[in-house]
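Here the structure comes first, spelled out in structure tokens, and everything after it is commentary.
The values are calculated or read from the model by the stated rules, or taken from the named source; none is laboratory data. Small disclaimer: the values here were computed from a predicted structure and weren't measured. Glycine also receives a Cβ, built like all others from the backbone with ideal geometry; neighbour counts cover every protein chain displayed. Remember, those area values only see protein heavy atoms, side chains included, never the ligands or the DNA or RNA. Shrake-Rupley method; radii C 1.70, N 1.55, O 1.52, S 1.80 Å.
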Amino acid sequence: MSVHTQSSRMTTSKIRQMKVNGEKITMLTSYDFTLASLVDEAGIDMMLVGDSASNVVCGNQYTLPITVDEMIFLTKGVVRAAQHALVVCDMPFGSYQVNEEDGVRNAIRILKESGCDAVKLEGGEEILPTIRHIIQAGVPVCGHLGLTPQSVNQFGGYGLRAKEEAEAAKLLHDAKLLDEAGCFCIVLEKIPADLAKRVTEAVSCPTIGIGAGNATDGQVLVLHDMLGLNQGFKPKFLRQFAHLADEVKNAVGEYAKAVKESSFPSEEESY
Ligand code: KIV
């Protein structure tokens, strides 16, 4: 096991510096200690405890049902695994939309109880006062623009965002506001690549893309999607770097067969 000193841990200022240095930033979601340990040991810069846990971990259709308590529970395990990576926890739906005070209280609670390094909120100008207050309270914020899954009911689906110039102009405006407010990075989800490039050039903080082309300062994917664990989900932007669903099913099948035919456990595997 590798030993990481405190100084080898990622910080928000190191993430910012990577943009200045022209070094691409890597981010993956993580939801539990075991997989997060592997992600961390592989040298990923940031682990996101995404509210996609609602889908991936809990089997919900949407991200909306997951709660602050559930996010804190999952994030604690990821934080225990993080020797190197910066851990970002998603603020779930309903935890920051009511008013600024509620948002700040929940952000502080998430940071304090989970031990994460930063929180992520979806939205632009409409939540800017809340973002400003959270940052002023000492909680680093990652913004999230474009396809924001907590607004699925407003959008009516998960299609490409900001295709039209009016929405693209608003997104660019929102990104500049988040940057000025002090967000240490901004996730850009499912928007045209040329718009993501414009945003990346217009803001001083790093942009992290998912389905936003190759010009962003970094990339993020849902771990279970890129490992090929999530069968049947294969949008154009997703590259599967492994096909673990088949591996898992084969291993489970082999185990079941061995139990049924009484070849497991063997004498060597018994006390
Ligand atoms: O919840 C999540 O996994 C996310 C990523 C898709 C960026 O927000």
Net charge dipole size for region 12-240 [Lys, Arg +1 and Asp, Glu -1 on Cβ; Debye, nearest 20]: 420 debye
Give the value in nm², to one decimal: projected area of the alpha carbon convex hull of region 1-86, averaged over all directions. 6.3 nm²
Compute the convex hull volume of the Cα atoms of region 19-159, divide it by the residue count, and report the result per residue in Å³ as a whole number. 123 Å³
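Dipole size in debye (nearest 20) for region 129-221 around its Cα centre, Lys and Arg Cβ +1, Asp and Glu Cβ -1?
About 120 debye.
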Region 49-108: chymotrypsin sites (Phe, Trp or Tyr not before Pro) in DSSP coil with no more than 16 other Cβ atoms inside 10 Å: TYR62
With only Lys, Arg, Asp and Glu charged, each at its Cβ (+1 for the first two, -1 for the last two), find how big the charge dipole of region 117-271 is about the Cα centre; round to the nearest 20 debye. 460 debye
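Please compute one quarter of the surface area of the Cα convex hull for region 139-191 and express it in square nanometres.
3.8 nm²
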In region 62-103, if every C-alpha pair distance is counted and binned at 10 Å from zero, what percent goes to each bin? 26, 45, 25, 3
What number comes out for the charge environment of LEU64, summing +1 per Lys or Arg and -1 per Asp or Glu over other residues with Cβ under 13 Å away? -4
Do the sum for the chain: with -39,500 (n - 2.57) for every DSSP H run of n ≥ 4, divided by all residues, what is the mean residue ellipticity at 222 nm, to the nearest 500 deg cm²/dmol? -12500 deg cm²/dmol
Could you provide, to the nearest whole Å², the per residue accessible area of the chain with probe 1.4 Å? 50 Å²
Two-decimal log10 I(q)/I(0) for region 130-271, as the Debye equation yields it once each C-alpha is a single scatterer, q = 0.16 Å⁻¹: -0.88
note: the chain, Cα-Cα separations exceeding 31 Å make up a percent value of 26 percent
Helical segments meeting 15 Å axial Cα length and Kyte-Doolittle 0.0 threshold in the chain (DSSP H): 68-81
Between HIS173 and LYS14, how high is the FRET efficiency from 1/(1 + (r/R0)^6) when r is the Cβ-Cβ distance and R₀ = 25 Å? Nearest 0.05. 0.35
